[in-house]
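J.: Before I ask anything, let me first share the structure, which is written out below as structure tokens.
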2 protein chains.
Amino acid sequence: MRVYIAGSGAMGCRFGHSLSKTDHEVILLDNWEDHIQAIRENGLKVTGDFDETVKLPIMKPTEAVEVADLIILLTKADQLPKMLQDIKGIIGEQTKVLSLLNGLGHATTMRRYVPDESIMVGVTIWLAGLKGPGHAHLEGPGSIFLQNMSGDGQAVAHIVDMFNQAGLNATYDENVIESIWRKACVNGVMNPTCTIMDCTIGELFGTEGGLNLVQGIFKEFIAVARAEVGNIDEEGIWKYIMETSKKASHHYPSMHQDLIQHGRKTEIDYLNGAVVFKGKRVGISTPYCQMMTDMVHAKEAMLGLR
Amino acid sequence: MRVYIAGSGAMGCRFGHSLSKTDHEVILLDNWEDHIQAIRENGLKVTGDFDETVKLPIMKPTEAVEVADLIILLTKADQLPKMLQDIKGIIGEQTKVLSLLNGLGHATTMRRYVPDESIMVGVTIWLAGLKGPGHAHLEGPGSIFLQNMSGDGQAVAHIVDMFNQAGLNATYDENVIESIWRKACVNGVMNPTCTIMDCTIGELFGTEGGLNLVQGIFKEFIAVARAEVGNIDEEGIWKYIMETSKKASHHYPSMHQDLIQHGRKTEIDYLNGAVVFKGKRVGISTPYCQMMTDMVHAKEAMLGLR
């Protein structure tokens, strides 16, 4: 297969590195000049659980011309529409387009550019970091859950096989939307709260007020998720949140790192903001998510990011 | 009259100083040892718009024995129940007890210790600061609005007169509850928001997200106020908030000073927390106020204050 990785930041590099071990053709797409130049000149350097350099083709999205068999979307959420616009030339009739973006609402964006029968969605819990242009740092285990949105799992079994050949630990999941909601829910209760309160996950969960916030946000996510996907394992997701909060007790969530530590715009619109948007469509009131979204937007504006 | 000032912090000292200019007997009550000692040894020092020292009796609340004609309550909100407990011996049949505390819900607390026909409530916009034990710094103009809760204004005209003799600019207000709500509303939209967002009033009001927060909280205050006092001038209060936000644009509100700058517990329970409490009684949902209260409580807990 010809596989494009559309968005070759930290996670895109992890996927590119792993897939380079298979006999498929893998092409990275990105717009970061220094990153492109470094990978073209020296290859993609990978440290952490690995210590090697792999040669991989990389180009700007608009430069890709050969029709894809598979496109793996791994952009930042707010870069997705432009990416889809830029790569529409390589989406053919047989092309599958798989979103592994964090957050909610990406299938809706995809439908504006990609035929329904080509859309796949998934969720990954692999971690990845970038040390600099052309240098990915990869540690720890992970997995992928994915689903073909129209058509069955048999039709995309070769894609699941490819990920497993690459060691990416993929599973076909008939109900991947629930997994996406589960991950969004964990992020939605921890990310904006710790960002606005400027605290670790353990500090948030260690106070009664913090737990009340978490519960208020959680209930809104569950209500809107239930309206969207029907049955949802509320108890299981809550248990998962509590376990994660214990494991990651000393950590600041990624949104805190983005906004408070690095002054970058957040993905709040694809977490709590998406719940507000989806809630409105189905008549569910989401004041906690609205308020968290407003607070993060306000903080972004104060930092000159919007 | 024999007038006790129950709670002789900054504002209590302002009132004590002004009332010492009349021919009424004024006695300060407070529990701060250094403050009591300083005033006993050197008198109350007043700077700012004044530069003088006045002799005033001061004692602990439990030491007061002579029945009062008037008690002016000026404690911090969470010290009110203990103060009322401590001074019940000086509340006689003819004693009037006037609350000038910030925030909401104090009349309810008073009713547990004071007969209904003795209760007066009011609101003041005088400012005052303490430079140290026995030293108040008083600047700027101000006023008092007050009301007799059972019985008419005629019955307490002598109290209004006394305040005006002292230069404290008092007005009898048949609808003082609305004035209390107006002040609480201004504080309720600015105080917890700027505290949690760690920003000035101007920064908050200068962002769309911040304004959304302010409006969300404002609507809940108005809905609950309307349920409690009937007609309320929503438009007028909103205009007042917007004017105040422009005048105080470069300031951090008092709650920010308390919690973030000085690590002191806040009065959130008597602002947004009181709106949640009152809202529950009348069946009005107040998620914005609930969330702000939880966030401030969480921050207090993280700072070891609760």
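J.: Condition first: more than 10 Å from chain A (Cβ to nearest Cβ), touching a helix residue (DSSP H, G or I) at 6+ places or on another chain (Cβ under 6 Å) and not aliphatic (A, V, I, L, M). Now tell me which residues in region B:184-196 satisfy that.
T.: Passing the criteria: B:CYS185, B:GLY188, B:ASN191, B:PRO192, B:CYS194, B:THR195.
J.: Tell me, which strands (runs of 3 or more DSSP E) lie completely within region A:1-90 with 2 or more residues that are surrounded by fewer than 18 Cβ atoms within 10 Å (Cβ to Cβ) and in the same structural domain as A:GLY129 (by TED's automatic domain parsing)?
T.: It comes to A:44-48, A:52-54.
J.: Okay, moving on. Listed residues A:LYS45, A:LYS21; which is over 20 Å from A:HIS158 (Cα atoms) and touching a helix residue (DSSP H, G or I) at 6+ places or on another chain (Cβ under 9 Å)?
T.: None of the others qualify; the one that does is A:LYS45.
J.: Taking helices (runs of 4 or more DSSP H) that fall entirely within region B:203-306, which contain at least 3 residues that are under 21 Å from the mean Cα position of the chain (by Cα), touching a residue at least 60 places away in the same chain (Cβ under 8 Å) and away from chain A (no Cβ under 14 Å)?
T.: Result: B:272-282.
J.: Here is a list of conditions, (1) aromatic (Phe, Trp, Tyr); (2) closer than 23 Å to B:THR266 by Cα; (3) surrounded by fewer than 22 Cβ atoms within 10 Å (Cβ to Cβ), and B:TRP181 meets all of them except one; can you say which number that is?
T.: Evaluating B:TRP181 over (1) aromatic (Phe, Trp, Tyr); (2) closer than 23 Å to B:THR266 by Cα; (3) surrounded by fewer than 22 Cβ atoms within 10 Å (Cβ to Cβ) leaves (3) as the failure.
J.: If we scan region A:232-253, do we find a residue that is out of contact with any Gly (no Cβ under 8 Å at 6 or more places or on another chain), closer than 22 Å to B:LYS299 by Cβ and among the polar types (S, T, N, Q)?
T.: No.
J.: Same structure again: What number of residues within region A:153-162 satisfy the criterion of being crowded, with 20+ Cβ neighbours inside 10 Å and in contact with a helix residue (DSSP H, G or I) (Cβ under 8 Å, 6 or more places away or on another chain)?
T.: The total comes to 1.
Here is a yes/no grid of residues against (1) more than 20 Å from B:TYR240 (Cβ to Cβ); (2) of a type in the set (Gly, Ala, Ser); (3) at pLDDT 95 or above:
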residue	(1), (2), (3)
B:LEU84	yes, no, yes
B:ILE87	yes, no, yes
B:ILE90	yes, no, yes
B:SER99	yes, yes, yes
B:GLY105	yes, yes, no
B:ALA136	yes, yes, yes
B:HIS158	yes, no, yes
B:ASN164	yes, no, yes
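J.: Check A:PRO141, A:PRO115 and return the single one that is exposed (fewer than 15 other Cβ atoms within 10 Å of the Cβ) and either among the β-branched types (Val, Ile, Thr) or farther than 30 Å from A:GLU41 by Cα (or both).
T.: Numbers: A:PRO141 fails: either among the β-branched types (Val, Ile, Thr) or farther than 30 Å from A:GLU41 by Cα (or both).
Unique residue meeting the criteria: A:PRO115.
J.: While we're here: Exactly one condition in (1) of a type outside the set (Ser, Thr, Tyr); (2) within 8 Å of chain B (Cβ to nearest Cβ); (3) within 26 Å of A:MET302 (Cα to Cα); (4) part of a helix (DSSP H, G or I) is false for A:CYS199; which is it?
T.: Condition not satisfied by A:CYS199: (4).
J.: If you don't mind, another one. Sort through B:SER179, B:SER143 and tell me the only one that's modelled with pLDDT of 95 or more, away from chain A (no Cβ under 14 Å), under 30 Å from B:LEU56 (Cβ atoms) and under 21 Å from the mean Cα position of the chain (by Cα).
T.: Values: B:SER179 fails: modelled with pLDDT of 95 or more.
Answer to the check: B:SER143.
The values are calculated or read from the model by the stated rules, or taken from the named source; none is laboratory data. Only a predicted model underlies this, so the values are computations on that prediction, with no experimental measurement involved. When we count neighbours, we look across all protein chains shown, and the Cβ atoms used for this are built from the backbone with ideal geometry, even at glycine.
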